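Note sheet for the following structure.
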Amino acid sequence: MIVALHTIKNHAELMPGTTYDLQMRVNHLRAWGLKGAYDFVLPSNLTVRLIGTALYGYYFTSGRLVGTGSPIAKNDYDFRFDVDYFYSEDFLFDRAVAQPQGLGYALGVESTWQPTASYSLKFAVSDGLARVYWQNAPHTQATADSRTKQYDANGYAKYSPAVSGIETTERFEQTLEPRVTIENRFLVENHYFFTESRHVSDAWYHTLGVGVRTNGNTRYALGVVLPNNAIMFEISQRRVSARLAVDAWRVKEIHQLLLEMEIRFPISQVTSISTP
């Protein structure tokens, strides 16, 4: 489906006779969060961190779309799809809605094993149990097709669907999908090399990178994210960290974009567990 939408959006020539399967599952959330964590130092250089986050959601999309699309000329296409989704913004049919607000929580766990001064292994599960509860969430269940056609000044078919269905406003419980991270880090003086694997939305992303730590304990890292060959840059200090990964520099060509920012307020209380 991504290929079909990218071709239409950029007015590239369509290939008549090709049928695209339109299948999309979306579970998107924008939220502010207040995170708390507690560390347990275990024997054998193992640290376990329990993490809880209170969430205030201000934008979301959650649902499914299934259908087909068929180019009938280099500049024209037919389509039909069924959709069932909750949202803050109706980007399919431009329904005017009031912005809902959501409150929720997320629980996670992180463990770090450091058997030597030059090697560490981290395993983390974010949003292992996470819910956001939306009041008055807009909801659309509909079938859309291309029976009505409009064309732009260049004769290219515009997206203008004929729609039948229902629109409601309901209470909605959004379940966030767990995210798994596995990281190996090798330290050589002030430099380090790392591999990282992340599981997000039924897909694995693997990062190979190198970093440097300054005397002020600021870390800079540069890497490549597979399979899309995105370039990743990260900067991290004791209280603030940020990461950016992007697979293209032109906005229209971007398929993968990651932006993470975190502000931390450390509290020096750690539970140490030892064996007799």
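The values are calculated or read from the model by the stated rules, or taken from the named source; none is laboratory data. Since this is a predicted model, take the numbers as computed values, not measurements. A quick note on method: Cβ atoms are made from the backbone with ideal geometry, for glycine too, and the neighbour counts reach across all protein chains shown. We work out accessible area using only protein heavy atoms, side chains counted, and drop any ligands, DNA or RNA first. Shrake-Rupley method; radii C 1.70, N 1.55, O 1.52, S 1.80 Å.
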Within region 123-174, track down each residue that is among the charged types (D, E, K, R), out of contact with any Lys or Arg (no Cβ under 8 Å at 6 or more places or on another chain) and over 26 Å from Leu22 (Cα atoms).
Arg131, Glu170, Arg171
Cross-chain or 6+ apart pairs with Cβ under 8 Å, region 64-76 first and touching a residue at least 24 places away in the same chain (Cβ under 8 Å) and part of a strand (DSSP E or B), then open to solvent by 60 Å² or more (accessible area, probe 1.4 Å) and aliphatic (A, V, I, L, M)
Pro71/Met15
Single residue of region 151-169 satisfying the filter (in a strand (DSSP E or B) and over 11 Å from Asp76 (Cβ atoms)) that is modelled with the lowest pLDDT:
Ala162
Quick test for you: out of Ser146, Ser201, pick the one residue that is open to solvent by 70 Å² or more (accessible area, probe 1.4 Å), small (Gly, Ala, Ser) and modelled with pLDDT under 90.
Ser201
Residue list for region 84-120, restricted to those being more than 18 Å from Val26 (Cβ to Cβ), among the small types (Gly, Ala, Ser) and touching a residue at least 24 places away in the same chain (Cβ under 8 Å)
Ala98, Ala106, Gly108, Ser111, Ala117, Ser118, Ser120
Can you pull out the residues in region 170-184 that are assigned to a loop (DSSP other than H, G, I, E, B) and of a type in the set (A, V, I, L, M)?
Leu176
Filter result for Pro138 (over 20 Å from Gly63 (Cα atoms) and part of a strand (DSSP E or B)):
no
Check on Leu222, modelled with pLDDT of 90 or more, under 24 Å from the mean Cα position of the chain (by Cα) and under 30 Å from Phe60 (Cβ atoms)
no
State whether the residues of region 228-235 include one that is farther than 30 Å from Leu55 by Cα and either surrounded by fewer than 13 Cβ atoms within 10 Å (Cβ to Cβ) or touching a helix residue (DSSP H, G or I) at 6+ places or on another chain (Cβ under 7 Å) (or both).
yes
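Which residue, of Ser62, Ser120, is at pLDDT 90 or above, within 30 Å of Thr18 (Cα to Cα) and among the small types (Gly, Ala, Ser)?
Just one listed residue meets the conditions, Ser62.
Conditions tested, residue by residue: (1) surrounded by fewer than 17 Cβ atoms within 10 Å (Cβ to Cβ); (2) β-branched (Val, Ile, Thr).
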| site | (1), (2) |
| --- | --- |
| Asp78 | yes, no |
| Val83 | no, yes |
| Asp90 | yes, no |
| Phe93 | yes, no |
| Gln99 | yes, no |
| Ala130 | no, no |
| Ala157 | no, no |
For Asn27, only one of the following conditions fails: (1) in a strand (DSSP E or B); (2) open to solvent by 60 Å² or more (accessible area, probe 1.4 Å). What is its number?
(2)
Filter result for the condition that a residue is open to solvent by less than 70 Å² (accessible area, probe 1.4 Å) and under 27 Å from Gly104 (Cα atoms), over Gly69, Gly36
Gly36
Where the second residue is of a type in the set (Ser, Thr, Tyr) and outside any strand (DSSP E or B) and the first is under 19 Å from Ile182 (Cβ atoms) and open to solvent by 80 Å² or more (accessible area, probe 1.4 Å) and lies in region 206-225, which pairs have Cβ atoms under 6 Å and are six or more apart or on separate chains?
none
Which of the residues spanning region 49-97 are out of contact with any Gly (no Cβ under 8 Å at 6 or more places or on another chain), β-branched (Val, Ile, Thr) and farther than 30 Å from Ala37 by Cβ?
Val66, Thr68, Ile72, Val97
Among the residues listed as Ala248, Ala221, Ala242, the single one being farther than 24 Å from Asp39 by Cα and part of a strand (DSSP E or B):
Ala221
